[in-house]
Structure formats: C-alpha cells, structure tokens
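The values are calculated or read from the model by the stated rules, or taken from the named source; none is laboratory data. Just so it is clear, the structure is predicted and the values come from calculations on it, not from any experiment. Cβ atoms come from the backbone with ideal geometry, glycine included; neighbour counts cover every protein chain shown. Ligands, DNA and RNA are excluded from the accessible area calculation, which covers all protein heavy atoms including side chains. Shrake-Rupley method; radii C 1.70, N 1.55, O 1.52, S 1.80 Å.
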Amino acid sequence: MSLTDGPAVTVIDPHAGPVLPAAVRPRWGATERTVALVAAVVLLAGLVSAGHLRTGTADGGLSATSRGSKAQLGRPSALVLDLVVTGPPVEVRLVRPDRGWVLVDRAPTVVGAATDVVVSHTVVCDRPVPPPSRLQLVTIDGRRLGVPVHVAKGDLFRSTCDPWQGAQAMRLVTSSLTRAARTRVQLGLVDVSTRPLTLDQVRYGGFAFAADLPVRLAGRDSRGPLDLDRLTVTDLTLVTTVQECGAARRALDAATANGTPDRLPATVDGAPADLEVRGLEAYLELQWRATCVR
C-alpha cells in the first residue's frame, strides 16, 4: 500500500485572536515635550522641598546677619551677638541658636522683616567658641526651619577666652571716698583677663596721689567661666592733695565740660586706661576749695 498526497487541511484554533502588527509609537511634538519637562522639574522641586522639611534645613526664605558684638562683664560674663533676621515674616513658637549659644530675653513671636535676635555664650577657655551657624525655628503650624547665620568678620571676637585684654582688662569693682584734711580714695581692682597686669600710675591734672604704686593684679583662673564673684580683688588707697591750684581748676572744668567728671586716668602696663570712680569730681572740688580758696 502506498501513501499519496491528500487534500490540504487547515486547522483553526478557536481561542486564538488575530495577530496584529506591532504598534508604531507616535513621536511627541514640541508642546508635549515642554509640558513633560516642566512637570518633571516641578516634581523634583517638590521632592527636594519635602526632604528639607523633614530634616529641618529649609530656611523659608529667611536669613540672619550679625550687626554688632560685645562682651558683657557679669556673673557670669558673656559674649553677645546682635542678629537681624530678614525675609518673609513667619510666626514661630521656638527660636534656638546652635553651637551652645542661647537667646537673650524672650524669643520673638514673629521673625523676618528685620527682626532683632540677640544671642549670648558664656566666656570660657576650655574649648573654642565658634559663632552660631544656624537658628532653628519651629513655626506655629509645626514646620521646622533652619535659618543660616552670617557673622561679619568685624563681629568675630578676638578671643572668646579673654575678650578684654591689656589695659581694658583692669576693672574697678568697689570704691569709697573719705573727705578729711586730705581726700582718701579707696579702690578695689580686678583683672578680668588670664594674664597679670600692672597698674603703673594714676593722675588727675593739678592733683597728686600718694599711693603704693606700681601694683600688680593677678590674672583670673582660666579653668572656669569668667565670673566677677570669683575674681581676686586688689585694694588700693590713694591719698589726694592739690599740687597746683590753676592746673587743678582747669582739669576739673575740662572734666565737667567733657561729661567725664568721675574719670580717673591711669596707666596699665604702659598703656592709657580710665577708672570710673563715682563721686570723684565732687570730692576733688572740695579738696580744691579747701586748699585754693582764701
């Protein structure tokens, strides 16, 4: 038996669908490309902003700049920076500087639009005291903002351990005056720096001061904060007489005209210094009248 070719048979799968040609991807026009690019940029900006809000580094358009610095002698003494915050006003319930600085007085309820913020740091010698770099804010609605602080070069402290040096470091903490045949001026002096100082002389035109000068003032202990109550006080007694009536009269009149009646000029380590002795002019005036008026 032989096999012969039979008729052609076509098999049809009832579950199969028609085979379609591959779809051709249409090209975007210029308008579609622009819209897509803008959408991508907006999305990226939103993601970055959200990340900043979560980490507290968004500044809300605010910035802080220093506009002055000073050191305040006290119990304890402090370094003080005056800051001004500019930008869109925002209501806040917390303002906190970094790097160990603290607010002076109460925190403002609104910052921005040239808001004054004063911060301070105790005077210490055991570690560096860098200026604040950021103000951490918490807004009324709970947002956290990190406002950058820019401190001008002129507002940086020459020393955060010894903000007063040389003649500026000698300070008068007590004084008393006694009127008798000769005026007796008793002074209590301290050295607010960590280095010893020498008071060489005191002077006032036309007057002479009998005193055990020069006198050496011990520097403070650098192992703790600068506190007036912890400083060693050096007592000095000056016995005053009129040396030349005309010169004394001119010195008293000049002090009154200059608005410095109680200033006692001095020399510390060879440099000029001033001591403010309350009531000095009144006592010297009495001494002058008792000596020079006949």
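Considering only the other residues whose Cβ falls under 13 Å of the Cβ of Arg134, what net charge follows from Lys and Arg at +1 and Asp and Glu at -1? Spell out each step's value before the answer.
On the way: positive: Arg96, Arg99, Arg144; negative: Asp59, Asp98.
Summing Lys and Arg as +1 and Asp and Glu as -1 gives +1.
How far apart, in nm, are two points set 7 Å out from the Cα along the Cα-to-Cβ line at Gln72 and at Ser222?
With each label point 7 Å from Cα toward Cβ, the separation is 2.6 nm.
With all protein chains present, how much of the accessible area of the range 223-294 (probe radius 1.4 Å) comes from carbon and sulfur, to the nearest whole percent?
Numbers: 1980 of 4030 Å².
Looking at the range 223-294 in its full context, I get 49 percent from C and S.
Toward the positive end of the charge dipole of the range 67-205, about the Cα centre and with charges on Cβ (Lys, Arg +1; Asp, Glu -1), which of Leu187, Val90, Pro132 goes farthest?
Value: Leu187.
Which of the GluC sites (Glu not before Pro) found in the range 241-294 are in a DSSP loop and have at most 16 neighbouring Cβ atoms, other than their own, within 10 Å?
Numbers: sites: Glu244, Glu276, Glu281, Glu285; in loops: Glu244.
Listed in order of number, the matching sites are Glu244.
Give me the 1.4 Å probe accessible area per residue for the range 134-183, excluding ligands and nucleic acids, in Å². Provide the component values of the computation, followed by the final result.
Working: 2700 Å² over 50 residues.
Counting only protein heavy atoms, the per-residue value for the range 134-183 is 54 Å².
First select every other residue whose beta carbon is under 15 angstrom from the beta carbon of Ser222; then total the charges, Lys and Arg +1, Asp and Glu -1.
0
What is the extension gain from Leu286 to Gln243, computed as 0.36 nm multiplied by their sequence separation minus the C-alpha to C-alpha distance, in nm to one decimal?
14.1 nm
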